[in-house]
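Single-structure report; data block below.
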Amino acid sequence: MSVRFSLLKNAALAFAIVALPACGAEKPVEPSDADITAAREAAAALGGTLKARLLAAIAEGGPISAITVCSEEAPEISLAVSTDKAVSVGRTALRVRNPDNAPDEWERRQLEKFAAAIEDGVDPASIEYAEVVTSGETKTFRWMKPIMMDGPCQLCHGEEIADDVRAAILAFYPEDAATGFKFGEMRGAFTVEKPISDTRS
C-alpha cells in the first residue's frame, strides 16, 4: 500500500512516506493529487454546511436545537455532500457521540497519530493523511484530517455543559462519550473514502 502523510510545520515542511512492496509484489498505487483535492473539498463542504446549520439552529432555539440537527440532519448532509462530490465523507473520533460514527481500525490508527503529532506541537491545520488501501482485488483511497474544538462546539462538547443540554444529549445518545473537550483540542476528524478503479501505478 502507498502512504502520503503530511505534517506541515508552518506550511514549510512535508513528508511523503511510501511503503515499499515486497520483492515480486504488485507496485503500490500512490494517492493522486486529484483524489486528495476532492477529499479536501468534500470535507470542507461537509464542515461548512453542517456548521452553518448548527449555528442557525443555536440562534433559533439554543444548543438543544443543535442536538436535534446533529441527530436528524447531519447524516442527510453527509449523504448529500457524498453524492455531490462522488466520495463517501463523514466524521469520526476516538470519543464519539453517535455510535454510527465510531472509527474502524484504519481510522483509529490515524486518529492516534494525529493526536500524537498535535501533542508534539504540530499545527493541526497542517495535518492530513492519504493512503490507497489494498484488500484483495479492491483498492480504496482513504483520507483524514483533524477536527479541532472551537467556540460553538463547546456548548455541546466542552468541559462545562448546561444541565438541560446534557440531559438532551443523553436522551438522543445514552452512551455519549464526546464531552469534556478543551478549546483547541482535537475532537475528531473528517474521513473520506473512494473506490479506486483505474490502473494508476
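The values are calculated or read from the model by the stated rules, or taken from the named source; none is laboratory data. Owing to the predicted nature of the structure, the values given are computational and were not obtained by experimental measurement. Here the Cβ is made from the backbone with ideal geometry for all residues, glycine too, and neighbour counts use every protein chain on show. These area figures cover heavy atoms from the full protein model, side chains too; ligands, DNA and RNA do not enter into them. Shrake-Rupley method; radii C 1.70, N 1.55, O 1.52, S 1.80 Å.
Hey, can you tell me all the residues within the stretch 33-45 that are among the β-branched types (Val, Ile, Thr) and either in contact with a strand residue (DSSP E or B) (Cβ under 9 Å, 6 or more places away or on another chain) or at pLDDT below 95 (or both)?
36
What number of residues within the stretch 125-146 are in a strand (DSSP E or B) and touching a Leu at 6+ places or on another chain (Cβ under 7 Å)?
So the answer is 1.
Criterion first (open to solvent by 40 Å² or more (accessible area, probe 1.4 Å) and under 21 Å from residue 40 (Cβ atoms)) does residue 108 satisfy it?
The answer is no for residue 108.
Hey, does the stretch 117-124 have a residue that's in a loop (DSSP other than H, G, I, E, B), within 18 Å of the chain's Cα centre (by Cα) and not aromatic (Phe, Trp, Tyr)?
The answer is yes; a qualifying residue exists.
How many residues does the stretch 27-60 contain that are closer than 30 Å to residue 135 by Cβ, in a helix (DSSP H, G or I), open to solvent by 30 Å² or more (accessible area, probe 1.4 Å) and charged (D, E, K, R)?
Final tally of qualifying residues: 3.
What residue, of 113, 139, is under 16 Å from the mean Cα position of the chain (by Cα) and of a type in the set (Lys, Arg)?
Checking each option against the conditions leaves just 113.
Considering the stretch 147-170 alone, what residues qualify as being without any contact (Cβ under 8 Å) to a residue 60 or more places away in the chain and either open to solvent by 80 Å² or more (accessible area, probe 1.4 Å) or in a loop (DSSP other than H, G, I, E, B) (or both)?
Residues satisfying the conditions are 149, 150, 151, 153, 158, 159, 160, 161, 163, 166, 170.
Inspect all residues belonging to the stretch 81-93 and state whether any of them is basic (Lys, Arg), more than 21 Å from residue 151 (Cα to Cα), out of contact with any Leu (no Cβ under 7 Å at 6 or more places or on another chain) and surrounded by 17 or more Cβ atoms within 10 Å (Cβ to Cβ).
Among the residues of the stretch 81-93, at least one is basic (Lys, Arg), more than 21 Å from residue 151 (Cα to Cα), out of contact with any Leu (no Cβ under 7 Å at 6 or more places or on another chain) and surrounded by 17 or more Cβ atoms within 10 Å (Cβ to Cβ), which makes the answer yes.
If you check 76, 30, which single one turns out to be farther than 18 Å from residue 189 by Cβ, touching a strand residue (DSSP E or B) at 6+ places or on another chain (Cβ under 6 Å) and not hydroxyl-bearing (Ser, Thr, Tyr)?
30
Residue 195 - would you say it is part of a strand (DSSP E or B), touching a strand residue (DSSP E or B) at 6+ places or on another chain (Cβ under 8 Å), open to solvent by 10 Å² or more (accessible area, probe 1.4 Å) and farther than 17 Å from residue 47 by Cβ?
For residue 195, the condition - part of a strand (DSSP E or B), touching a strand residue (DSSP E or B) at 6+ places or on another chain (Cβ under 8 Å), open to solvent by 10 Å² or more (accessible area, probe 1.4 Å) and farther than 17 Å from residue 47 by Cβ - is met.
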